[in-house]
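Read-outs throughout are calculated quantities, based only on the coordinates presented, and are distinct from any laboratory measurement. Keep in mind that this is a model prediction, so the values were computed, not measured. Cβ sites come from the backbone with ideal geometry, for glycine too, and all protein chains shown count toward neighbours.
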Amino acid sequence: MTGVVSNRRRVVAAAALVAALAAGPAAGIRADSARPAVAVSLQLPPLAEAVRDEAAAGGKPGGSWRQTGELPASFAAARADLDRCLRRQGWRPVRRIPVVAGGGGRGQREISVWERRSRRILVMVWEIGPGRSGFGWGVDS
């Protein structure tokens with residue numbers, strides 16, 4: 001029974017993270033709030049539209065999710081595009097965490113951890129609607 005409770009807590013915590021990320025910067029979610037700024041930049045897939053770009057907005061480096069945006073693709077295609085781009089830039093996936101939305105939320109969501117040398121990033125991909133997905137990434141360490 002303990003494993004079920006533990007898994008339930010993880011699902012609830014992940015669902016809260018998804019909801020806060022979807023709410024945007026006003027939610028106060030920070031991918032790297034306890035760590036010093038790390039110079040990391042990513043080249044996004046060609047069709048990715050950055051909705052919020054911390055560096056372009058003059059934000060404090062290392063203060064939050066670095067970029068959030070949308071891709072005109074299904075969840076599976078968006079995840080594959082982001083994976084391909086990250087791998088080409090030398091990142092390797094460390095862990096993938098499917099997120100189960102609570103409260104009647106629909107659509108697929110996933111948080112993944114990527115590593116390159118001693119740096120780690122968190123990448124989140126979620127389904128917005130048919131043929132449309134969102135993404136966000138930030139530095140973990």
>> Once you place label points 7 Å from the Cα toward the Cβ at Arg116 and Arg88, how far apart are they in nm?
In response: 1.2 nm
> Using modelled backbone amide H atoms (1.01 Å from N, in-plane), which distant-in-sequence or interchain residues come within less than 5 Å of Asp140's amide H?
Replying inline: Arg120, Ile121, Leu122
> Under a 5 Å amide H to amide H cut-off, with H placed in plane at 1.01 Å, what residues pair with Trp65 once short-range neighbours are removed?
Replying inline: Ala31
